[in-house]
Ligand code: SF4
Ligand code: FES
């Protein structure tokens, strides 16, 4: 007689191996990215209210706790971008006849685009 | 050294007597050119004939010898002992599947999921060519568009690597979706719409959170994770296209 044993799925399944842990960190990174987007929106709304409001907002960020928080956000934003950039070749398969455009080119185009946009923003803000 | 040994810790489960599986340790002669399956076969031949597991080809083709080797789903006929020696090796049945006995899992759910994506060529009834008109020709580029997905040997390693299959028993899963995509991409096939009912459902592609481990463990480089994400993109395009006034049915 058959009496199959079904192994339970532990609540800590995500801690089973490095790949799962990295996956969870990648998922978690979106929370930090979202928080930073909210902060950015607040900043934009302050800018809209004039220079004084903007200066006050910047000043309110000027403390070590915020600095620490921003370092964490930056780390998660980098993790988010790098992991997703590197996954694009799986999602976007471009074929030229029999040949597939190499993964490094598809993933690399993200980095190039990111660099170009960053440089452009830097140039606008600086100018 | 001729007398060297290696330790195998094997998860055993006897449904007649056991409530749950437990590990049993075996000392096996160590040969550099032995794969894990050789060591398991040696145990069955010399120590315990009741040890139960599946295998057939011993050359990475039949897909039946998949087990968890030190926690990772592998084809045991394709993992050499020297990868681990002198450390012990832990062997368990494929994760997230019910265990029938020892290292044998119950595959019924996988078989049903596989069938649900209709993994065969489908032609519209009125567009089937009569036999005497010969085969449906295909260019090398058309073949290349699905060949990778067609390399699947149904070993189920991808299911054992995917936590979603453990969390959501209804998840159609990596190999079945990849195989559905294999036929969707085939220029001779016209069954995409029929398959979409399953593939584009919540239990299939939208249950996938892109952990990506299925593609990492796949011994045939099928890239089921890629197949699923590509199906997501295509299904999303379908949905937006269906909103356009001139495509409304
Ligand atoms: S997709 Fe790869 S890992 Fe999954 S069943 Fe097919 S060959 Fe095995
Ligand atoms: S025995 Fe056939 S794949 Fe390992």
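Per residue Cα convex hull volume for chain B, in cubic angstrom? Before the final figure, lay out the partial values.
Numbers: hull volume 42.6 nm³, N = 249.
Enclosed volume per residue, from the Cα hull, is 171 Å³.
Just to check, using Stokes-Einstein with a Kirkwood Rh over alpha carbon pairs, what's the diffusion coefficient of the stretch B:103-249 at 37 °C and 0.692 mPa s in µm²/s? Write out the running numbers ahead of the final one.
Working: Rh = 16.3 Å.
Rounded to a whole number, D works out at 202 µm²/s.
Counting only other chains, what is the mean number of Cβ atoms within 10 angstrom of the Cβ of each residue in peptide A:2-15?
On the way: counts 5, 10, 11, 13, 6, 12, 2, 8, 1, 0, 0, 5, 2, 0.
Per residue, the number of nearby Cβ atoms from other chains is 5 on average.
Please grab the % of Cα pairs in the protein assembly as shown that end up more than 26 Å from each other.
64
Quick check on chain A: helices-only [θ] at 222 nm, where DSSP H runs of length 4 and up contribute -39,500 (n - 2.57) each and the sum goes over total residues. Nearest 500, please. If you can, show how the numbers build up before the last one.
Working: 4 runs with 93 residues, N = 127.
Here the helix-only value at 222 nm equals -25500 deg cm²/dmol.
Checking a compactness column here: for chain A, what do you get for Rg(Cα) / (2.2 N^0.38 Å), N being the number of residues? Provide the component values of the computation, followed by the final result.
Values: Rg = 21.6 Å, N = 127, 2.2 N^0.38 = 13.9 Å.
For chain A, the normalised Cα radius of gyration is 1.56.
Could you please state, rounded to a whole Å, how far the C-alpha centre of the stretch B:180-205 is from the C-alpha centre of the stretch A:41-99?
After rounding, the separation between the Cα centres reads 37 Å.
For the peptides B:201-207, B:175-181, what is the packing order when you average, over each peptide's residues, the other Cβ atoms within 10 Å and list the highest mean first? Could the numbers behind the result be given before it?
Numbers: B:201-207: 18.3, B:175-181: 28.0.
Averaged packing, sorted descending, gives the order B:175-181, B:201-207.
Describe numerically, in nm with one decimal, the distance between label points set 7 Å from Cα along Cα→Cβ at residue B:137 and at residue B:78.
3.5
Write down the radius of gyration of the stretch A:62-116 and its Dmax, each obtained from C-alpha positions, in Å.
Spelled out, the Cα radius of gyration and Dmax of the stretch A:62-116 are 16.3, 57 Å.
Nearest 10 degrees is fine. How inclined is helix B:36-46 to the longest principal axis of chain B, computing both from alpha carbons?
Tilt relative to chain B: about 50 degrees.
Taking beta carbons within 10 Å but only from partner chains, what does the mean come to for residues A:85-92?
Numbers: counts 0, 1, 5, 1, 2, 11, 8, 4.
Mean number of neighbouring Cβ atoms from other chains: 4.
Provide a whole-number value for the mean count of partner chain Cβ atoms within 10 Å of the Cβ atoms in peptide A:16-23. Spell out each step's value before the answer.
Numbers: counts 4, 5, 0, 8, 4, 0, 2, 6.
Average per residue, whole number: 4.
To the nearest 500 deg cm²/dmol, what mean residue ellipticity at 222 nm is calculated for chain B from DSSP H runs of n ≥ 4 alone, each contributing -39,500 (n - 2.57), summed and divided by the residues? Please report the intermediate quantities before stating the final value.
Working: 9 runs with 82 residues, N = 249.
Rounded to the nearest 500, it is -9500 deg cm²/dmol.
So for the pair residue A:122, residue B:87, with labels modelled 7 Å out along Cα→Cβ, what separation do we get in nm?
If labels sit at residue A:122 and residue B:87, their model points lie 4.2 nm apart.
So, in nm, how far is label residue B:44 from label residue B:201 when the simple model puts each one 7 Å beyond its Cα toward the Cβ?
Placing both labels 7 Å beyond Cα along the Cβ direction yields 3.6 nm.
Using the 2.2 N^0.38 Å rule of thumb for compact globular proteins, work out how the stretch B:14-122 stacks up: its C-alpha Rg over that value, please.
Working: Rg = 15.4 Å, N = 109, 2.2 N^0.38 = 13.1 Å.
Compactness ratio reported: 1.18.
Laboratory data are not the source of any read-out in this text; all were calculated from the coordinates shown. All of these numbers come straight from a predicted model, not from anything done at the bench. Counting neighbours? That spans all protein chains shown, and the Cβs are built from the backbone with ideal geometry, glycine included.
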